[in-house]
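So the structure is just underneath, and the comments pick up after that.
The values are calculated or read from the model by the stated rules, or taken from the named source; none is laboratory data. Since this is a predicted model, take the numbers as computed values, not measurements. In this analysis, Cβ positions are derived from the backbone assuming ideal geometry, glycine residues included, and neighbour counts consider all displayed protein chains. Ligands, DNA and RNA are stripped out before the accessible areas are found, and what is left, the full protein with its side chains, is counted by its heavy atoms. Shrake-Rupley method; radii C 1.70, N 1.55, O 1.52, S 1.80 Å.
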Amino acid sequence: MSVADEVRVLRTSAALAAGDHLACVRVRGAGAHDLLDRISPRELFLRSGQLLHTVLLDDAALPIADVYLGCDDDDYLVIAEGMTGRAVADYLAAHAGGLDAAIEDTSESHAFLCLGGPYAWEVLAELTSPDVIGLPYLGFFHAPEFSCFRAGKTGEYGYDLWIERGRLAEVRERIAAVGRAFDLAPISPAALTVAALENWFWNPRRDVRPGLTPIELQLQWRISYGRTFPGSAALAARRASAQQRIVLAASPGALVDGAVICAGDRAIGAVLHAEWSPTRDEALAIALLDRPVAHAGLTGLIARTPAGAVPLRTLSAPALDNRSLYVDPQRHSYATRHTDSFPPLVRA
Amino acid sequence: MLDLETQVAPRAALLDRLRALLVDHLQLRRAVDELDPDAPLFGSGFGLDSLDAVELVVCLETEFGIRVGDAVALRHAFRSLNTMIDLVLAERGGAA
């Protein structure tokens, strides 16, 4: 199956991907909360069974991992993308001075599978219980076979399943068996990358460059400026001097990373990360533009690629109207999808 | 000759106005420059909820004279500040 077909499955039914890009670190002990409070750029208000979406920053305020922080009774979890479990554990240990906190990288014992799509909830309900339909975004629970985190970066119903490695094959086979009724298909990391860009999720494996802080990356919603955390001083200093901001861009032509973006003869930025979007049937890109002109809705731009100049415009994110916004588990099901009415994935 | 500033000006003005509206009317406890134009308005983004959505509908009508009866259009418009700007500009264009 091509990446384009994989993305189509993800956008219309249910898909399963290996979660090798995710790592989970458990923090135990009386100082666990205080440790996470030290490193979280966002206020750490969490009840047990809840996740908080934020980033880990280095001392220069560059995001180095996309993380969910979770409260699991007396323990805390750090689910990270962009750093290995070992690197996350080392990062935590470096900030744990004076605290009673045991840090455990679970990468050797556990792995992730990522279930997503507008009908992923229905697959999960068959696997576990209809109660999962009520699981809120950024909630989690423990089932006998796995722990289930409602998260994901595709804009669809998404569930990251955290599984003991010894049970991984068995769970994958069960999901495949249950998923047949929902036309569930396995998808690749490349499809997840395309889906994340279509839905304007920061990708810590691709969208990292020297000098790009949460201010340039439009990630300030994951920051609380009143707090002290790694990188907070650098971020505060950056606030008055940021010169660029990322914007979603689209082109009917092929875009490449690094292509210079021009308005007439004037260079105004560059393509940070480009992918072909099968959902829109055009190229999408994260464009890093000079801040005064870093807006959606610009037309008539040009991207200068090695193959020549291609037209470019900027648009509001996300790039699609996800079906998951309109699929209501109380009213819809995969079996009735042909008689249910939904808006198109791409608005005219 | 592409006049970029002419394209930018109305969007920049609306962004300023909508940011102020979120802070003043919805009591969002953030500085306006923290409100990134493509950040999600609801849920884990700015943390708006269903009551805020009602307030936003009222603000669209009182501040911009826009009444949106189509729930799908509203849901799309309320994804970010930029999608709200798209809605306001589209309504103005339609009215012109």
Practice task
Write out, first by first residue and then by second, each pair whose Cβ atoms fall under 7 Å of each other, whose residues are 6+ apart or on separate chains, and whose first residue, in region A:1-29, is in contact (Cβ under 8 Å) with a residue 24 or more places away in the chain while the second is among the hydroxyl-bearing types (Ser, Thr, Tyr) and open to solvent by less than 10 Å² (accessible area, probe 1.4 Å).
Solution key: A:SER13/A:TYR119; A:ALA14/A:TYR119; A:CYS24/A:THR106; A:VAL25/A:THR106; A:ARG26/A:THR106
Completion exercise
Within region A:94-114, the count of residues that are of a type in the set (A, V, I, L, M) and assigned to a loop (DSSP other than H, G, I, E, B) comes to 3
Problem - Qualifying residue in region B:64-75 (condition: closer than 29 Å to A:LYS153 by Cβ, at the interface with chain A (Cβ under 7 Å from one of its Cβ atoms), in a helix (DSSP H, G or I) and modelled with pLDDT of 95 or more) - result: no
Problem - region B:76-96 - residue that is part of a loop (DSSP other than H, G, I, E, B) and within 12 Å of chain A (Cβ to nearest Cβ) and, of those, farthest from B:ASP36 (Cα to Cα) - result: B:PHE78
Handout entry: Matching residues, region A:33-81, being crowded, with 22+ Cβ neighbours inside 10 Å and of a type in the set (Val, Ile, Thr)
Key = A:ILE39, A:THR54, A:VAL55, A:VAL67, A:VAL78, A:ILE79
Practice task
Determine which single condition A:VAL327 fails, assuming it passes every other condition in (1) part of a loop (DSSP other than H, G, I, E, B); (2) more than 10 Å from chain B (Cβ to nearest Cβ); (3) out of contact with any Pro (no Cβ under 8 Å at 6 or more places or on another chain).
Solution key: (3)
Handout entry: Selection status of B:ALA9, small (Gly, Ala, Ser), at pLDDT below 90 and out of contact with any Pro (no Cβ under 9 Å at 6 or more places or on another chain)
Key = no
Exercise for the section: Scan region A:115-143 for residues that are part of a strand (DSSP E or B) and either more than 23 Å from A:LEU46 (Cα to Cα) or among the β-branched types (Val, Ile, Thr) (or both) and report the count. Expected result: 2
Exercise for the section: Report whether or not A:ARG42 is more than 23 Å from A:ARG206 (Cβ to Cβ) and outside the structural domain of A:LEU212 (by TED's automatic domain parsing). Expected result: no
Exercise for the section: Determine whether region A:235-255 contains at least one residue that is under 27 Å from A:ILE79 (Cβ atoms) and more than 14 Å from chain B (Cβ to nearest Cβ). Expected result: no
Practice task
From (1) modelled with pLDDT of 95 or more; (2) not assigned by TED's automatic domain parsing to the domain that holds A:CYS262, pick out the condition that doesn't hold for A:ALA348.
Solution key: (1)
Fill in the blank from the handout: Those residues of region B:1-36 which are more than 7 Å from chain A (Cβ to nearest Cβ), surrounded by 13 or more Cβ atoms within 10 Å (Cβ to Cβ) and outside any helix (DSSP H, G or I) amount to B:LEU26, B:LEU28, B:ARG30, B:LEU35
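Consider B:LEU51 carefully, then state whether it is within 26 Å of A:SER324 (Cα to Cα), more than 9 Å from chain A (Cβ to nearest Cβ), assigned to a helix (DSSP H, G or I) and open to solvent by 70 Å² or more (accessible area, probe 1.4 Å).
On the way: within 26 Å of A:SER324 (Cα to Cα): yes; more than 9 Å from chain A (Cβ to nearest Cβ): yes; assigned to a helix (DSSP H, G or I): yes; open to solvent by 70 Å² or more (accessible area, probe 1.4 Å): yes.
Yes, satisfied.
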Practice task
May I ask you to verify whether A:VAL55 is within 27 Å of A:ALA283 (Cβ to Cβ), at pLDDT 95 or above and either in the same structural domain as A:ARG165 (by TED's automatic domain parsing) or assigned to a strand (DSSP E or B) (or both)?
Solution key: yes
Handout entry: Of the criteria (1) part of a strand (DSSP E or B); (2) open to solvent by 10 Å² or more (accessible area, probe 1.4 Å); (3) touching a Leu at 6+ places or on another chain (Cβ under 6 Å), which one A:VAL178 fails
Key = (1)
Practice task
Could you tell me which numbered condition A:GLU216 fails, if it satisfies all but one of (1) touching a helix residue (DSSP H, G or I) at 6+ places or on another chain (Cβ under 9 Å); (2) in a strand (DSSP E or B); (3) not small (Gly, Ala, Ser)?
Solution key: (2)
Problem - Identity of the residue in region A:263-283, touching an Asp or Glu at 6+ places or on another chain (Cβ under 8 Å) and within 13 Å of chain B (Cβ to nearest Cβ), that ends up nearest to A:ALA191 (Cα to Cα) - result: A:GLY269
Fill in the blank from the handout: Picked from region A:215-227 (must be within 30 Å of A:ASP34 (Cβ to Cβ) and in contact (Cβ under 8 Å) with a residue 60 or more places away in the chain), the residue farthest from the other protein chains (Cβ to nearest Cβ) is A:ARG227
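Please go through region A:190-232 and pick out each residue that is polar (S, T, N, Q) and either open to solvent by less than 10 Å² (accessible area, probe 1.4 Å) or within 22 Å of A:GLY117 (Cβ to Cβ) (or both).
Looking only at region A:190-232, we keep the residues that are polar (S, T, N, Q), and these are A:193, A:199, A:203, A:213, A:218, A:220, A:224, A:228, A:232.
Once the filter is applied, which keeps residues that are polar (S, T, N, Q) and either open to solvent by less than 10 Å² (accessible area, probe 1.4 Å) or within 22 Å of A:GLY117 (Cβ to Cβ) (or both), region A:190-232 yields A:THR193, A:ASN199, A:ASN203, A:THR213, A:GLN218, A:GLN220.
Residues being acidic (Asp, Glu) and not in a loop (DSSP other than H, G, I, E, B): count how many of those fall in region A:144-164. Write out each step before concluding.
Here is the first cut: in region A:144-164, the ones acidic (Asp, Glu) are A:145, A:156, A:160, A:164.
Applying the additional criterion that residues be not in a loop (DSSP other than H, G, I, E, B) yields A:160, A:164.
Counting residues in region A:144-164 that are acidic (Asp, Glu) and not in a loop (DSSP other than H, G, I, E, B) gives 2.
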